[in-house]
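The values are calculated or read from the model by the stated rules, or taken from the named source; none is laboratory data. Treat the numbers as computed from the prediction; the structure is a model and nothing was measured. FYI the Cβ positions are ideal-geometry reconstructions off the backbone, even for glycines, and counts take in every protein chain you see. Accessible surface areas use protein heavy atoms only, side chains included; no ligands, DNA or RNA. Shrake-Rupley method; radii C 1.70, N 1.55, O 1.52, S 1.80 Å.
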Amino acid sequence: MEIRVEVLGPIEVTDAGGRPVAVGSRRRREVLGRLVAAGGRAVPLPALVADLWEDPPPTAAGTVRTFVAELRRALEPDRPPRTRSRVIETVGTGYALRVPRAHVDAHRFEDTLKAVRAATAGEVARALGDALAWWRGEPYADLDASPWLAPERARLAELHRQAVESRARAVLDLGRGAPLVPDLEAFATTHPWREHAWVLLSRALYQAGRQVDALASLRGARTRLLERFGLASAESLDHLERDILRHAPHLTPTSPDEDRLRLLTRTEATGTYTRLRSMSTVARAAAVTGGTNLVLAQEQRAAAVAEAERTGDPDLTARVIAAYDVPTVWTRPDDPERSEALVATTRRTLHRLGPGASPALRARLLATVGLEHRGTRDRWAAEAATEAERLARELHDPGILALALNARFVQSFQQPGRTAERDTIAGELIDLSARHDLPMFEILGHLIRIQVCAARGETAMETAHHHVTAAERLATLHETPLVHTLTAAFRTMRLAQRSSDPAEVAHAYRTLATDLAGAGMPGVEAGVLPLALLSLRLRHARPAPTDPALDWGPYRPWAQPLIDLARGNTAAARRTAAALPAPPADHLYDALWAVTAHTALQLQDTSLAAQAHDALSPLRGEVAGGTTAMLTFGPVDDLLAALKERLGPEKQQPRPPTTSRDQQRRR
C-alpha cells in the first residue's frame, strides 16, 4: 500500500486515496516520527530505546520490536505473514523508513526549499506558497518533548522561517508585496531578532503605498535591535531607509512578464489586418502565463477588437476576435464591462457577416459569446454555446470543438445540479485535447474535473488528486503558472475539510489570497478570502468575521446579515436578509445559498429557509461551495436537514403564492 506521512503538525498517515491510516498509540507514532526524522537512514535499536525512555525498562528492546511490528501491520495491511516489509526495513540491529521523500511532507518541504535556490521569482513564490501551506502546526505536535524531538523541531522551524522570508522576497521582487503586509507584520513581531523580517515588512508596506509606515517600521526595528540585542546599526535597514526616501525604482519593480509582453506587442507590421490580428494572437500567447501578463493580454485584446471594429470591416473584426482562444475556467468575468463590450461587438459582427460567414468563423464567434457572457441566466448566451458546439462537430475541427465545449461549460451554470454534465464535458476535453495536442484545453479539462470532484466530496478525492497531478504536470511543461494557484486553492479547501484547527486553515487561506492577488484573476480573487473565512467560522459554529478591513467584494450582500448578527444587531440583520438578491448563475451559486441558509437558521426565518431549501435541493449529495474547488460550507445534505427541521410540518404543506422577488430568488 502506498502511504503518505505528514509530520508538519500532528502525525498523520494516509493511503493512496487520501484515507487516514490508524497507526495507534503515542509510542507507536513516536517510533514512526523518529524514523521520519532520520531521513531514510537506519536508526539502531539502542538509539530508539534511548529516544523513547529516559530510564529504559529491561523489556525496552522487545517493546520497540513490538511497536515496529504493529506499525508494519498498520502500514502494510495486505502484506503476507513472514514476508519482508517494504515500508519499515530491518537494517542491521535497527530500522529504516522506506517511504519516498515526496510522500513525507517534512522531506518534501526541505527538498522544495533547496530546489528553488536557482529559480525565478515567480517560480519561488509559487513553489514556496504551496510548501508553506503543508504546515498544519508545530512539527510532531502530538508527541511529548524528548531528546531527539527538540532539535528536529528547531531545525524544521528554522527551515519554515527561511521559506517564509524567501517567498516574501520573491513576491516583493515581482512587485506584488502589498497583500503580504498582515502576515509579515505577524512574522516580524514573532521573530524580532531577524533583521531581514523587518526589511521585508518595510518593503511590503512601501509597495502598499504606505511610505510613512515603512519608515516607521524600519526605525522601530532599529530601536528594538539596539535595546534588546545590542546591535547599534543594521546595514540592511539603513540601505532600505535610504532607498525609500529616494523612491528607488527597484522597490516597485515591473514584472518581467510585463516587460516581455510589451516587447512582444511592438510589431513592425504596417498592415492593419496583420497588426491587429498579431496583437490578439500575442495576447493569447501571453495570457496563459498569468499575473500582470494576463491583465495586459486582456487589455491588449480589447484594444485590438475595438480598433478592428472601427475599421468598419466585419471580416477583419471577426478574425481579430477569433485569434484569442484562451480557455476559461471561472464564471465571474475579471472585468465585466470589458466582457460585455466584447460580447456586444461580437454579436454586431455576427449580424453584419450574415448567413454567408464561414461556419468555422461563425462557430468561434458564437463560442466567444458563450464564454464572455457568463454568470447570467440569459438563454441567448447558452444557445450561442450550443450552436457553436453543433457547428464544430459538423466541421470535425478539434480546436473549435474545444472552444465550444468550454463555452458550454460556463453556460452550464445557468441551472443548478449540472455537475454530471460538467464531468462529461471535462472528459471529452481531456480526450480530445490529448489526441490533437491542445494542451491548454487539456489542462482545462483536468481543472473542471477537480471542480467536479470537489463538489462530489470525499468519495471523489482520489480521482481529484489524479487530476491535480496531471494538471500540474502539464502546467509545468507548458509554463502556465496560473494552474498551480488553482491547484493550491484545492489543497487549501482539502485542508479546511480535514483540519480541526481554524487558525491553521485561516492562515492557509490568507496565503492563498496573496497568491490570487498576483494571479491576474480579479474575478476569482475579489471577496474570496472573507468568504473563505466565513465558511470556516460557520462550519465551526462561530460568528461571521467583522473585521472592517475585509473586502467582501461582490459577496457582501449575502454576508451582511450574518455580519450584523455577529455585531449583535438582529434588526439590521432582518432588514438586510429581506433585501437579499438572487445569487448569480456562477461558481458561487450554492456557496451563497449556503450562506443564506445559515442566515435563515440563525434568524429563524421560515420563508427564507424554504427558499434556501428549494434552491439547494437540486444539489443533494454534493458539497456546498465545492464547485469552486476553493471553499467548503459542508455537505448540502446537512444544510437541507437543518432547514427541513426549521421548516417542520410547514414544509409538507402547500406554500402560499410567491412574490416576484421570491420567484427571482429561486431561479
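Given points 7 Å out from each Cα along the Cα-Cβ axis, report the Glu138 to Ala303 separation in nanometres with one decimal.
5.5 nm
Under a 1.4 Å probe, what is the accessible area of the chain per residue, stated in Å²?
Averaged over the residues of the chain, the accessible area is 43 Å².
Let me know the shape class of the chain, please: from the alpha-carbon gyration tensor, a ≥ b ≥ c as square roots of the eigenvalues, rounded when a/c is under 1.5, otherwise prolate if a/b is greater than b/c, or oblate.
prolate
Compute the long axis of helix 26-37 from its Cα atoms, compare it with the longest principal axis of the Cα atoms of the chain, and write down the angle in degrees, 0 to 90, nearest 10.
80 degrees
With no solvent and one point on each alpha carbon, what is the Debye value of log10 I(q)/I(0) for the stretch 1-140 at q = 0.16 Å⁻¹?
Values returned for q = 0.16 Å⁻¹ are -0.86.
Express in nm, to one decimal, how much length is gained between Glu76 and Asp15 on full extension, taking 0.36 nm for each residue of separation and deducting their alpha carbon distance.
Residue separation times 0.36 nm, minus the Cα-Cα distance, leaves 21.0 nm.
For the residue pair Leu477 and Glu428, what label-to-label distance in nm results when each label sits 7 Å from Cα along the Cα-to-beta-carbon direction?
In this crude spin-label approximation the distance works out to 2.4 nm.
Note the full-extension length gain between Thr66 and His103 as 0.36 nm times their separation in residues minus their Cα-Cα distance, in nm to one decimal.
10.8 nm
I'd like the orientation of helix 121-132 relative to the chain: the angle between its Cα long axis and the longest Cα principal axis, in ° from 0 to 90, rounded to 10.
60 degrees
Please list, in order along the stretch 303-320, the HN-Hα scalar couplings obtained from phi with the Karplus expression 6.51 cos²θ - 1.76 cosθ + 1.60 (θ = phi - 60°), rounded to whole Hz, x for Gly and Pro.
Per-residue couplings from phi come out as 5, 5, 5, 4, 5, 4, 5, 5, 6, x, 9, x, 5, 4, 4, 4, 6, 5 Hz.
Roughly how many nanometres apart are two label points built 7 Å out from the Cα toward the Cβ at Thr386 and Ala578?
4.0 nm
For helix 60-75, what angle does its Cα long axis make with the longest principal axis of the chain, in degrees from 0 to 90 and rounded to 10?
Once rounded, one gets 20 degrees.
May I ask you to list the GluC sites (Glu not before Pro) in the stretch 411-518 that are in a DSSP loop and have at most 15 other Cβ atoms within 10 Å of their Cβ?
Glu479
Taking the Cα centre of the stretch 525-639 as origin, sum charge times position over the Cβ atoms of Lys and Arg (+1) and Asp and Glu (-1), and report the length of that vector in debye to the nearest 20.
Using only the charged Cβ atoms, the result is roughly 360 debye.
Could you list which residues have their amide H under 5 Å from that of Gly520, counting only those 5 or more apart in sequence or on another chain, with H placed in the peptide plane?
When sequence neighbours closer than 5 places are left aside, the close amide H contacts are Gly291.
Give the carbon-plus-sulfur fraction of the accessible surface of the chain in %, rounded to a whole number; probe 1.4 Å, heavy atoms of protein chains only.
52 percent
If you keep only loop residues by DSSP, which trypsin sites (Lys or Arg not before Pro) in the stretch 559-602 have at most 15 other Cβ atoms within 10 Å of their Cβ?
Arg567
So what is Rg over Rh here for the stretch 479-611, counting just Cα atoms and using Kirkwood for Rh?
In the stretch 479-611, Rg relative to Rh is 0.98.
Residue by residue through the stretch 497-502, what is 3J(HN,Hα) from phi via Karplus (6.51 cos²θ - 1.76 cosθ + 1.60, θ = phi - 60°)? Round to whole Hz and write x for glycine and proline.
3J(HN,Hα) across the stretch 497-502, in whole Hz: 6, 9, 7, 9, 10, x.
Give the residue list of trypsin sites (Lys or Arg not before Pro) in the stretch 366-459 that are DSSP loop and have at most 12 other beta-carbon atoms within 10 angstrom.
Taking the stretch 366-459 and a limit of 12 other Cβ atoms within 10 Å, no loop trypsin sites (Lys or Arg not before Pro) are found.
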